[in-house]
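First comes the structure, then the notes that go with it.
The values are calculated or read from the model by the stated rules, or taken from the named source; none is laboratory data. From a predicted model like this one, the values you see are computed outputs, not experimental measurements. Please note: Cβ atoms are built from the backbone with ideal geometry, for glycine as well, and neighbour counts cover all protein chains shown.
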Amino acid sequence: MVSAQRLAIIAALVAIFTPFLTTTQAYAEEAPSPSPPDALSVTSPIAPTYRIFATRQGRVGRRTANGHIIKPRDRFVALPSWGVLSSRNGYEYQVRVTYRDRSVVLPVWDVGPWNTHDDYWSPDRRYSDLPPGLPMAQAARQQGYNNGRDEFGRRIRQPTGIDIADGAFWDDLGMTDSDWVEVTFLWLGADPFVATGDRTAADRAVIEPDAIVVDDAAEGYVAVDGRNWQSADCGIGGSHAWSYDTPGATARSRHRAVWTPPLPGEGFYEALAFIPACGPTPTEQARYTVTHNGAVSEVVINQAAASGGWVSLGVFHMGPGSSVMLTNQTESDGRAVHFDAIKWRPRNDVHPPEAAVVEAASLPEGGIRVRWDGEDDVSGIASFDVQVRRLPDGDWIDWLVQTTEHEAVFVPPERGVYAFRARARDWTGKESPWPDLDDLQITMP
């Protein structure tokens, strides 16, 4: 990782160019307009960037602090302060997260990890004896701050300052485990990657040797609907097509295009769309439809946040006949849907899935309702095994084997304390190991 070098470059550029830098409002505050954005006109400081330890947030189906229901391979972050929580599905507060050669802008939709009042990015932070950019959890873990505990008294096990939803974690950033990332807090100033040109268009438009690319207007691309296509002189191949979005399409206003790749055979592929940096203001609700091995998945992408680079649509099992479709039908009006290249990269499933029992609740009739969940980075979870034992000295017993369910009712044979644990296997046959300890315990009086 080159965060120290990048921060040094940003600091030098800030010193030289700050009097001349101007910026428009952040994407989430930008008013819809049928014309390209005006020239930069409002002087703004550069947003601060800090090196932060990041962990992955899964918890699919749970509700975040702002009311968003977490979807598989979702895209948002959690920060440990209620003061920067965006509205439900809103973009008032966003961060740029950079990991190695990948970077993505994500909204703040949850509060955590560990703390809920640690505004560590602020010069006037709550923990005033800590410098800006140092999360309280990191200081507690590494320096023994607050006796190594968070604001609730829990002992901190990782120096985490940001949680990243698994779609952004796996697909956008290419992360496979918790690691240090660079986080830019965009509500505090201009995006340094835009204002200083730290990431050039060539860097962000990279096409890897193993990638299969279908550009707009190239073989494999078909505009199936639309009478008023527009074009702009930037993007892969030097240009791209676009159309204004519309919530209710007619035969004249509906625009659709399909990209069909010449895949060499069946396997797991990551599909990525390139979002050009020029043209009218991009939509925040571009609706891509991915067809893969007879299944269909809809993916909604914030093109405004991804402007100037590749954005992942997800990892799918694909083969001949797979495709990606994009339409200008959105839930908004007045912005543009940009149609540029789609690329497919082969992905190998090398890691086993993760699984855990997440909830156990006693029922009035005497049983225990048990819930479990898990995540897999590529192929997805095929089935779970769940074990139970009676404490303190009972042996682990197979309760459910190769189940595809996520909850069931366990009827204990007698009163006592019961412990549960789970494991999972993915569609390639990789199986997670049993945890050494139980996932949770429950007492049946």
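Among the residues of region 390-398, are any more than 30 Å from Gly167 (Cβ to Cβ) and touching a residue at least 60 places away in the same chain (Cβ under 8 Å)?
Keep residues of region 390-398 that are more than 30 Å from Gly167 (Cβ to Cβ), which gives 390-398.
Still in the running and touching a residue at least 60 places away in the same chain (Cβ under 8 Å): none.
No; the residues of region 390-398 include none that is more than 30 Å from Gly167 (Cβ to Cβ) and touching a residue at least 60 places away in the same chain (Cβ under 8 Å).
One line per residue, one yes/no per condition, for (1) surrounded by fewer than 17 Cβ atoms within 10 Å (Cβ to Cβ); (2) in contact (Cβ under 8 Å) with a residue 40 or more places away in the chain:
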site: Arg256; (1), (2): no, yes
site: Leu263; (1), (2): yes, yes
site: Ala273; (1), (2): no, yes
site: Thr283; (1), (2): no, yes
site: Ile301; (1), (2): no, no
site: Gly308; (1), (2): no, yes
site: Gly314; (1), (2): no, yes
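Identify all residues within region 316-339 that are of a type in the set (D, E, K, R) and surrounded by fewer than 22 Cβ atoms within 10 Å (Cβ to Cβ); write none if there are none. Walk me through how you get there before you give the answer.
Keep residues of region 316-339 that are of a type in the set (D, E, K, R), which gives 331, 333, 335.
Correct list: Glu331, Asp333.
The set of residues in region 402-423 being among the hydrophobic types (A, V, I, L, M, F, W, C) and under 29 Å from the mean Cα position of the chain (by Cα) consists of Ala422 alone.
Residue-by-condition table, conditions (1) within 20 Å of the chain's Cα centre (by Cα); (2) closer than 20 Å to Trp109 by Cα; (3) surrounded by fewer than 22 Cβ atoms within 10 Å (Cβ to Cβ); (4) modelled with pLDDT under 90:
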residue: Ile162; (1), (2), (3), (4): yes, yes, no, no
residue: Ala165; (1), (2), (3), (4): yes, yes, no, no
residue: Phe169; (1), (2), (3), (4): yes, yes, no, no
residue: Ser178; (1), (2), (3), (4): yes, yes, yes, no
residue: Val183; (1), (2), (3), (4): yes, yes, no, no
residue: Gly189; (1), (2), (3), (4): no, yes, yes, yes
residue: Phe193; (1), (2), (3), (4): yes, no, no, yes
residue: Gly197; (1), (2), (3), (4): no, no, yes, yes
residue: Ala202; (1), (2), (3), (4): no, no, yes, yes
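Thr116 meets each of the listed conditions (1) modelled with pLDDT of 95 or more; (2) buried (at least 19 other Cβ atoms within 10 Å of the Cβ) apart from (2). Applying the criterion of being surrounded by 22 or more Cβ atoms within 10 Å (Cβ to Cβ) and of a type in the set (Val, Ile, Thr) to the residues of region 82-97, the residue that is nearest to His68 (Cα to Cα) is Val95. Can you name every residue in region 205-246 that is at pLDDT 85 or above, outside any strand (DSSP E or B) and polar (S, T, N, Q)? Selection gives Ser239 alone.
Whether a residue is at pLDDT below 95 and within 20 Å of the chain's Cα centre (by Cα) was assessed, and Pro123 does not pass this test.
Please work out if Asp438 is surrounded by 11 or more Cβ atoms within 10 Å (Cβ to Cβ) and among the charged types (D, E, K, R).
Numbers: surrounded by 11 or more Cβ atoms within 10 Å (Cβ to Cβ): yes; among the charged types (D, E, K, R): yes.
For Asp438, the condition - surrounded by 11 or more Cβ atoms within 10 Å (Cβ to Cβ) and among the charged types (D, E, K, R) - is met.
Only residues that are over 22 Å from Gly67 (Cβ atoms) and β-branched (Val, Ile, Thr) were counted in region 98-154, giving 2. Screening Ala257 against (1) closer than 24 Å to Cys234 by Cβ; (2) under 23 Å from the mean Cα position of the chain (by Cα); (3) aliphatic (A, V, I, L, M) leaves a single unmet condition, (2).
Quick check on Arg287: is it in a loop (DSSP other than H, G, I, E, B) and in contact with a strand residue (DSSP E or B) (Cβ under 7 Å, 6 or more places away or on another chain)?
Working: in a loop (DSSP other than H, G, I, E, B): no; in contact with a strand residue (DSSP E or B) (Cβ under 7 Å, 6 or more places away or on another chain): yes.
Answer is no for this residue.
Taking Asp426, is it surrounded by 16 or more Cβ atoms within 10 Å (Cβ to Cβ) and within 23 Å of Asp377 (Cβ to Cβ)?
Values: surrounded by 16 or more Cβ atoms within 10 Å (Cβ to Cβ): yes; within 23 Å of Asp377 (Cβ to Cβ): yes.
So Asp426 passes the test.
Counting only strands (runs of 3 or more DSSP E) wholly contained in region 80-168, the ones carrying 3 or more residues that are among the hydrophobic types (A, V, I, L, M, F, W, C) and within 20 Å of Leu186 (Cα to Cα) occupy 102-111, 160-165. Just one of the listed residues (Val296, Val222) is under 30 Å from Val350 (Cα atoms) and either surrounded by fewer than 19 Cβ atoms within 10 Å (Cβ to Cβ) or touching a strand residue (DSSP E or B) at 6+ places or on another chain (Cβ under 6 Å) (or both), and it is Val296.
A count restricted to region 361-378 and to residues that are of a type in the set (Gly, Ala, Ser) and buried (at least 21 other Cβ atoms within 10 Å of the Cβ) stands at 1. Where residues in region 123-139 are in contact (Cβ under 8 Å) with a residue 24 or more places away in the chain and among the small types (Gly, Ala, Ser), which of them is nearest to Val84 (Cα to Cα)? Here the answer is Gly133.
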